[in-house]
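The values are calculated or read from the model by the stated rules, or taken from the named source; none is laboratory data. On a predicted model such as this, the values are computed, not experimentally measured, just so you know. Here the Cβ is made from the backbone with ideal geometry for all residues, glycine too, and neighbour counts use every protein chain on show. Each accessible area value is taken on the protein alone, full model and side chains, heavy atoms only, with ligands, DNA and RNA left out. Shrake-Rupley method; radii C 1.70, N 1.55, O 1.52, S 1.80 Å.
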Amino acid sequence: MSPGFTATKEPDVDIASGHEIAPSTDGPSSHEVRSALEHLLASPEFDATAKRRAFLRFIVEETITGRGSGLKGFTVANAVFGRDDTFDPKIDPVVRLEARRLRRDLDSYYIGPGKDVPIRISLPKGGYVPEFELRGPDVAAKVSPAAQNDSLEGPRIALRALVFRRGVWST
């Protein structure tokens, strides 16, 4: 776990209704995800522009409040990038381009300085609904065993394998 970051367990609450939500057994709670998001956004090592940070905050909040199914390019363009109702993703690729850059920023962070954080936020290709992954204390050892190699080629191969495994090819 990173210094200064602790995920405490509080009940999940549906923002619209105010009712408590039964805790999920297959992933982190909304409180844990919000804590992870704040930790990520506060990290100086997370190399994302202010707009990409706003993009990430928006899609995470929409998802954990149950509105993830409404995350389309048009919605993101309006809410985050200030586009109006005439926005056409075929003409203006801002959301797709920024999503690709955000994926790169997230991958870089979790491969490097964020390798030991307990919750990973990712943005799978093909949509704008983020995923939240609980990670155990041995994450760093599982991520890139080749990084133990003294040569430069070992870490490069491990990095490429990890990036390819996640479905993202960027060098």
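Some notes on this structure:
- Each residue of the stretch 72-82 is assigned a 3J(HN,Hα), and the resulting list reads 10, x, 4, 4, 5, 4, 5, 6, 9, 9, x Hz, derived from the Karplus form 6.51 cos²θ - 1.76 cosθ + 1.60 (θ = phi - 60°), x at Gly and Pro.
- The GluC sites (Glu not before Pro) of the stretch 23-94 that meet both conditions, a loop assignment by DSSP and at most 11 other Cβ atoms within 10 Å of the site Cβ, are E45.
- Surface per residue (accessible, 1.4 Å probe) for the stretch 57-124, Å²: 47
- Chain lengthening between D84 and S122 when straightened (0.36 nm per residue, less Cα-Cα): 11.0 nm
- Amide hydrogen neighbours beyond the local backbone of I119, cut-off 5 Å, H modeled: R135
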